[in-house]
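The values are calculated or read from the model by the stated rules, or taken from the named source; none is laboratory data. What you see is a predicted model; the values in this text were computed from it and never measured.
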Amino acid sequence: MKNLIMKRTTNKLWKIWLPAVILLLPVACSVSQFVPAAGAESENRYAIIRTDTLMIVIKPQSYPGSYQEINNRFFSLYISIKNKSGQRIKLQQGSFSILCRQKQYDPIPVDYILADLERKMMLKDISNPFADNVFSYNIADRDKEQEMYYELVNTAFPWGELLPGGIKDGYLFYNKDIASANNFVIDVLGHSVTFQKTKG
């Protein structure tokens, strides 16, 4: 009799708690994201900086390409710059700094990230030292890795001169420590905008 009462009580508890857990699960699992701080011009979580000569669009977001491990190692953001002036504008790596927790972070050179990817590919090839042929290459895997490599080259932000009326866009990669902060300020060509962390 006591077991029967316990069983009914347990079943009732499950019926009460299960819907509550299901409803609260999306809230508990929501991912923190960076959004433009109050006062910054924004649209769809993109910060927009407008000047007489430039339109700069910035959004911290995960790298969407095939090489998803990059999101575990680096903090990435998408940036697009349009030159509205009649002159060329030089885009240099040092002109895209982030200030976070009183520390300045400059973009990590894409060459370093590509070297990291190449090292990963080489280590994968020799990961089993007891294999019959340690350097046996699976052509399909190698082609996929080469595709990831070139995809990263094509989606990284391109440095150099921006022609009048031209647009350059792509991803910049920074130290992963920025992702754990509550806010940061990015300075692009002398124009800064603050991002703050929010849920969902």
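Miscellaneous remarks
- Hey, residue 113 outside any helix (DSSP H, G or I) and of a type in the set (Val, Ile, Thr) or not: no
- Selected residue [at pLDDT below 95, in the same structural domain as residue 149 (by TED's automatic domain parsing) and among the small types (Gly, Ala, Ser)] from 40, 47: 40
- Index of the failed condition, residue 85 passing every other in (1) of a type in the set (S, T, N, Q); (2) at pLDDT below 90; (3) not in a helix (DSSP H, G or I): (2)
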